[in-house]
């Protein structure tokens, strides 16, 4: 399983491939309309050289706004979205949260960091997967809750897709995060019925918590 560092050059290669494919689409659309590169350069108030580089996918300085304008000139519309594709870089605070959890529950579990979902082509991963004699628990570490309900829904989708029997959301115990959880308490009580004390007690005993929980550390 590639680590986070190796994914960055892989993403760069994929980005260059995508840029080349988009350039080819722009060229095909231009030719289908019977337009010359000079026609596009005049419409966009840029050089023919810039249009040529964009169509060949070698325009390193071409941004999304430039591509969208170029697309409009040949009758196309650019639409871009980001999709979950792995855990990305983990900050020091996130690593510290996982270390603190491990210190609190002892060595009754086998830990697997960045555990991939067993779905071909899906690059998402749990921050940690705890495997014990009678239970498997997925852990998602969150240092700052921006939109508590949205972040926890995403964690639940990952649990569902990854087939994890139990899910523990590990949240840094800051004033901001406590307030965010309190504001969503009615929803969380159903989705994550176990609190910090009950979840930690079960994990420290090496037992199945019996339900999903949220741990503040």
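Regarding residue 181, is this residue in contact with a helix residue (DSSP H, G or I) (Cβ under 8 Å, 6 or more places away or on another chain), assigned by TED's automatic domain parsing to the domain that holds residue 100 and farther than 17 Å from residue 110 by Cα? If you could, list the steps in order and put the result at the bottom.
Details: in contact with a helix residue (DSSP H, G or I) (Cβ under 8 Å, 6 or more places away or on another chain): yes; assigned by TED's automatic domain parsing to the domain that holds residue 100: yes; farther than 17 Å from residue 110 by Cα: yes.
Yes; evaluated as a whole, the condition is true for this residue.
On the stretch given as the range 130-169, residues that are closer than 19 Å to residue 100 by Cα and within 17 Å of the chain's Cα centre (by Cα) total 9.
The single residue among 153, 146 that is surrounded by fewer than 19 Cβ atoms within 10 Å (Cβ to Cβ), in contact with a helix residue (DSSP H, G or I) (Cβ under 9 Å, 6 or more places away or on another chain) and assigned to a helix (DSSP H, G or I) turns out to be 153. When 42, 16, 56 are checked against the criterion of being over 17 Å from residue 77 (Cα atoms) and free of Cβ contacts under 8 Å to residues at least 24 places away in the same chain, a single residue qualifies: 42. Residue 168 fulfils the conditions (1) farther than 18 Å from residue 216 by Cβ; (2) part of a strand (DSSP E or B) except for a single criterion, (1).
Please specify each residue of the range 96-114 satisfying the condition of being touching a strand residue (DSSP E or B) at 6+ places or on another chain (Cβ under 7 Å) and outside any loop (DSSP other than H, G, I, E, B). Don't jump to the end; show me each part of the working.
Filtering the range 96-114 for residues touching a strand residue (DSSP E or B) at 6+ places or on another chain (Cβ under 7 Å) gives 97-98, 101-102, 109-114.
Once the filter is applied, which keeps residues that are touching a strand residue (DSSP E or B) at 6+ places or on another chain (Cβ under 7 Å) and outside any loop (DSSP other than H, G, I, E, B), the range 96-114 yields 97, 98, 101, 102, 110, 111, 112, 113, 114.
The set of residues in the range 115-135 that are in a loop (DSSP other than H, G, I, E, B) and either in contact (Cβ under 8 Å) with a residue 40 or more places away in the chain or surrounded by 11 or more Cβ atoms within 10 Å (Cβ to Cβ) (or both) comprises 117, 118, 119, 122, 123, 124, 132, 133, 134, 135.
The values are calculated or read from the model by the stated rules, or taken from the named source; none is laboratory data. Quick caveat, the model's predicted, so the values are computed rather than measured. Backbone-built Cβ (ideal geometry, glycine too); neighbour counts: all protein chains shown.
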